[in-house]
Structure formats: C-alpha cells, structure tokens
Amino acid sequence: MSIFSLTVIASLLISSIRSATPLVLAALGGIFSERSGVVNIALEGIMLIGAFTAVMISYSSGSAWLGVLAAMAAGVAIAWLHGVVSIKYRADQVVSGTAINILAVGLTEFLLAKFFGQAGQTPNVTPATLPTWLPLHGFTQQVTAFAWIAAVLVVLTHVVLFHTPLGLRIRAVGEHPRAADTVGINVFHMRYLGVLLSGALAGLGGAALSVGLLNSFTDNMTAGRGFIALAAVIFGKWSPFGALAASLLFGFADALQTQAQIIGLKVPSEFLLMSPYILTMLALAGVVGRSTPPAASGTPYEKGER
Amino acid sequence: MSDRKAKRLFTGSIPLPTFEGFLVPILAVVAALLVGVLFILWVGKDPILAYKALWRVTFGSTRNTLETLVDTVPLIFTGLSVALAFRCGLFNIGGEGQYLVGSLAAAVAGYALPGLPAVVHIPLVLLAGFAAGGLWAALPGWLKARFGIHEVINTIMMNYISLYFVHWLVIAHLKDPTNLSQRTPKILESAVLPNLLQNTRFHLGFFVALLVALGVYFLLWRTIAGYEIRAVGLAPAAAEYGGISVARNIILAMVLSGGLAGLAGAVQVAGISLAYYDGAGFVGYGFNGIAVALLGRNHPAGVLVGALLFGALGRGGVRGMQAIADVPKSMIGVVQAAIIFFIAAEGLFRVLVPRLRQRRQASRGPGPAGGTGGEGAPHSGTATEGGAGR
C-alpha cells in the first residue's frame, strides 16, 4: 500500500492525534509550571498517578468522567507535594521531580494490589465518551473526547498566559521573581498556582491515556510519555501552540512507527521512537530554532536573598 | 566565595563527619521507614513482622548479607556517578542511559575478544563499559560547557535515546542467533568477574566497587584535577578567575560521571548476567543512584552507606516483604521516594530539630541557595555564571 493512499493518510492522521492528545495535555501543564519558574520533570509520575486514579474511580463509581475529575484532583495533590518540597523548602526541583517519578511507580503498583487484589493490570472500565448526538461523533469516537478537550485547553492556556494579568504574573515570577516581588506579586502563590495547574493537566493527560485511548491501567503504562511531553514543552518553546505543534509532530512519529509495516516504511521503529528526544536536543542546541527556557526556571526563590 | 566555602575548598577536609551531615539522612531514613509502617498497616499486615522479614533476608545470615552486598554493587557505582557530577555542580540524571550503553559495550567486549587471559580481558571489559558511559555523557557535558544548555534535560533525553538505540543494536545486529531470548552472546570465561564464594553470587565486582569509591575520594580530594572539579562546583566564576577552565572541567566531570554509570553496567554484565539482556525499560540503578548520592552527601563513604541501604531495601522488598510478610513489594518504592523527599526537604527537619535551625541561620550567607543540602549541590546556571557559555 502506498503512503499516499487516502485511507492510509486518514488513519495516520487519526493515530497522530490519538498519540498527541495525552502529550499536549501534560505539556500544557509543563508550560504553566515552567513559566512560573518551577521545573517539572515529574510530569511522567503525575500522568501515571492520573491514569491510575481515573481507572480506579471509574471502576468504583461507574462514571468515567468522574474518574477524569479524580485524576485531575490526584494530579493536583501530587503536584502540591512537589510544590511544598521545591517552593516552600526550596529543595532542588529536579530531585523532587525524580522522587515523584519513583513514588508514582511504587504507589500505583501498591494501590493496584491493594484495591484490585491483582498485579500488573486493572480490570477493564468503560472509557470516557461524549454523547452521540454531538456533531462529528464518528471522528470523536476515533480521536477520543480528550482531543477536543486538549484543543480547547491549548487556546485557553494561550489566552490566560499571554492575554490576562494573571498570565503576566505567572510569567513574571518565572523570568524575574525579584522584580515581580518588588511590584507586589506574591512569588510563592504564583509558583504554587503554576505547579498545581501542571498537576491537574498532567493528571488529565494520564486519564486521557487510561480511560480515553485505552480502558484499563497497566503498571508503568505512561512509559516515558511524561518525558516526551516535557520534550514538547521545550521543542514548542514554552508556548501552548508550540507545544501543540510539537506534540502533533511527536504523535506523528509514533503513528508512523506503529504503522511502518503497513506503509512499507524502511526506517527501524526505534529511530522513530527516539526522534522526539533527538529533535528536542537539537532545538536546545539551536540547530532547529533556539529554545530558551524562562530565565528563573529551576531556581528556588528566597525572599530577601541578594 | 564565602569564607566557609573557601575553607572547605582549601583544607580539603572531608565534609561528612558533621552533626548536620549525619543527622538529616538518618532522620530521613527513619521518617521514610515510618511512612512504610503506615502503608503496611493500610494493607492490614503486621509492620513488625514485615520489617523483621526484610532484615532476615538482607542481613539475617552471612549468606544473605553477602547477597545484599552483591545488590549494592551497581548502586555504589551509580551513586558515585551522581555524586561526582554534583561536586562539579552538575546534575547527571542520565545514569539510566549510561548504564545501558555501558552494559552493552561491556558485553560486546566480553564475547568478541577471544584468546585473552582474564587479567587482561576483565579490565578491558570494565574499561569498555566505562568508555561507553563516559562518551554517552560527554555530549550533554559538551553542550553544557559550550552553549550553557542545562544538562538535566539533555541527559533525560539521552536516557530514552539510549533505550531505543541499544534495543535496536541488540535486535538488529548483536543478538545471539543461537538463543531465543533477546540477548547478546554470553561473554567468554576469561571476561567473567570471578565468583568468590560458592553458592552465592558474591563476586569480585564488590571489591572493584570499593576500590573505585576510594579512587573517587582520592581523585576529588587529593589531586589537582579533583580540586579543579570541586572548585568549579562550588564557585564557577571564582574558579574561572583563578585560571581553572570551567568548560573543560564540566566535560571532564560528565565523562567521569557517565563512565561510573557505565561501569555499573559493565560490572553487572561481567559479574551477574554474563550477557546483555534486552529489557523493556530502565533498570532503575541510575535513578536510585541519585537517592544514594543524596543520602551519602555526595561523599564516597556516604555513597557506600546509601548504596547498602538501597540495595538492602530492593532485595528485602521482594524477598522479605512480599515473599514472607505478604506486603506488596511496591511499598519499597514508596519508602525510597519518601527518603528522597525527606532529604530534599531537609528544611522540614530544621523546623523539628532546633539545633539544625540554628545552624541554618548561622550558615546563611551569599552562597548558592541550592536546597538539596549536599555539599556542592547543583544550582542552575553554574556554567553560564562561570562564563563558559553565552
């Protein structure tokens, strides 16, 4: 079959959007966090906890959308931990993020054993879908409702970050916290807000995976997607539309990888799988358009420090 | 550079044996084990029984103790790897990837070089692992030194690149055709780290690890190269002014750090697995190495203790907690994460322990506000401040 066949193009497009959806959601979270000055390499762990919570609550309540809300709440709770450790106690943000990633793997495995009495995988749940009377229902079923949610949130994030006073404050504490502090912006509050939003969005990204694209939780099911989302943040130059484009590109690479055989593509799938990471390194090095992080991202803020 | 820092640098004193240096890690471990108690109670099991089981399978007998030491070996290397980078103000989070490339390189050196005596072959295998890990880490080191790009992102990216790259190498080129499982051919007899005690896995690699720990200590505190690495870690601008090349030392520290992580892989291949087995993901030694370095205050002696603890927790979780006390082994992951949290947020203990609070106030100076508590902990922008980039 040729790569130019219409059905192949359509199926590539749909699987690109499917792969990109959890990435966009988590990447938007990463943008909020990093723009406020807190590096969040914990996206991976938060997604994993979101994915588990969504399935657990869907299973026990029978409502997948309630599971989605719970996933966001769980994401906020874990992000709060990251916030307390790295904002209040000024711990190294990368250390704290690493701890969350280790915690997420252990905690979800533990809770899986505790609540479902089995190891490895949860029973199946009904995934979160939109009502059938909505337009574009067939397409929505294929790309999942989360693709629409992600699209709306991209626009919303852009508006909030670049066209509201709140967004200006978030960006200010990420670029120059001292200056922001002197004009009366509460650096700590803004950073907590950024981190908590990242928790909600990464949790949502995890839910998009477990009760959107799939219908159960398996151990460590995020499998590096949180780090690809982090790559999308960087490759997209810390902007929502940039992250969307990066996620779609990475999603496309993933789609090519899964359908390489059908298309007759000769590139080993491993090289497609590693392409997001290589592209991100190239972007950081300035080979593919220079990416420069928010100036104060990664630095704990201490009042009264010279 | 503050007086305190200058003193630390010039006297070459070991920063470990202070009240503060010991207390925070110990409190962190105790607090994390208490978190473990809560989780054990939550699944309705007896925490005393569970911890007794953990002790029994880790240190309960000579044989178990030796097996625990074997599990400690890779963590000593990855802990040293992270600690050495920390000392230069760098955060090498790429241990997982460096471990993988080191393992594969060691396996290839182990099976592809027939006819060598063991005294030549074993060092060659270890060197192959060290070189592969070091080269893998050289790129993020160079990118940091040359362009000031933070090494954290690049080392994370390279973890995943190595995961897929190594996987591809094994299935496409290096797979043992005579075997069904996804692994390289077995290494030759002459490449195997000799087993020292029958009926255990206790092999020479343990003493290699001790020797390397001693070597890292000697390098950092007894040589000019080590002095330069630490100087760059403590105050890059001052180091540059004093004639020390920040860029050169950043690359050197990353290569050594990556080499140590690669060595971890090499020792596991030459001592335990005897081939490179292609797994689905990371082994975890790299990430746990971060915790080990934090626990050990980035000092080789501390790393040995931290590695012993994490090695014991890993072994005790599976063979003790799960097998004997019926507590999910994943509980150990929670305890390990809690240890990192408690050390990272050492401010928490400052609130609880008045003496630490006083010390904190006394030491508050114009130094970096790196909160990890480790001496020479990284803080962002060290390289650019040192004039290496931009």
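Of the conditions (1) within 14 Å of chain B (Cβ to nearest Cβ); (2) open to solvent by less than 60 Å² (accessible area, probe 1.4 Å); (3) farther than 21 Å from A:G62 by Cα, A:F116 clears all except one; give me its number. Here A:F116 clears every test but (3). Inclusion of A:I41 among residues that are assigned to a helix (DSSP H, G or I) and either open to solvent by less than 20 Å² (accessible area, probe 1.4 Å) or in contact with a Pro (Cβ under 9 Å, 6 or more places away or on another chain) (or both) is not warranted. Selection over region B:146-180 of residues that are touching a helix residue (DSSP H, G or I) at 6+ places or on another chain (Cβ under 8 Å), more than 9 Å from chain A (Cβ to nearest Cβ) and not in a helix (DSSP H, G or I) gives a count of 1. Of the residues in region A:52-67, at least one is over 30 Å from B:G44 (Cβ atoms) and assigned to a helix (DSSP H, G or I).
All but one of (1) within 11 Å of chain B (Cβ to nearest Cβ); (2) crowded, with 22+ Cβ neighbours inside 10 Å; (3) outside any loop (DSSP other than H, G, I, E, B) hold for A:A79, so report the exception by its number. Result: A:A79 passes all but (1). Residues in region A:104-123 that are among the aliphatic types (A, V, I, L, M) and in contact with a Gly (Cβ under 6 Å, 6 or more places away or on another chain): A:A104, A:V105.
In region B:152-168 there is no residue that is surrounded by fewer than 18 Cβ atoms within 10 Å (Cβ to Cβ) and not β-branched (V, I, T). Considering region B:231-325, the qualifying helices (runs of 4 or more DSSP H), each wholly inside and each with 1 or more residues that are modelled with pLDDT of 95 or more and buried (at least 21 other Cβ atoms within 10 Å of the Cβ), run over B:246-268, B:285-295, B:300-316.
Checked against the criterion of being open to solvent by less than 70 Å² (accessible area, probe 1.4 Å) and within 30 Å of B:G89 (Cα to Cα), the candidates A:L134, A:L166, A:L130, A:L103 yield just one match: A:L103.
Evaluation of B:T78 against the conditions (1) open to solvent by less than 50 Å² (accessible area, probe 1.4 Å); (2) away from chain A (no Cβ under 14 Å); (3) among the hydroxyl-bearing types (S, T, Y) shows that the sole unmet condition is (2). Tallying residues that are open to solvent by 20 Å² or more (accessible area, probe 1.4 Å) and away from every other protein chain (no Cβ under 11 Å) within region B:133-145 yields 3. Kindly check whether there is at least one residue in region A:27-40 that is within 13 Å of chain B (Cβ to nearest Cβ), of a type in the set (A, V, I, L, M, F, W, C) and in contact (Cβ under 8 Å) with a residue 24 or more places away in the chain. Yes.
Taken over region B:182-206, the residue count meeting the criterion of being more than 17 Å from B:L124 (Cβ to Cβ) and basic (K, R) is 2.
The values are calculated or read from the model by the stated rules, or taken from the named source; none is laboratory data. The structure presented is a predicted model; accordingly, all values stated were derived computationally and were not measured. Note that we place each Cβ from the backbone using ideal geometry, even for glycine, and neighbour counts take in every protein chain shown. Remember, those area values only see protein heavy atoms, side chains included, never the ligands or the DNA or RNA. Shrake-Rupley method; radii C 1.70, N 1.55, O 1.52, S 1.80 Å.
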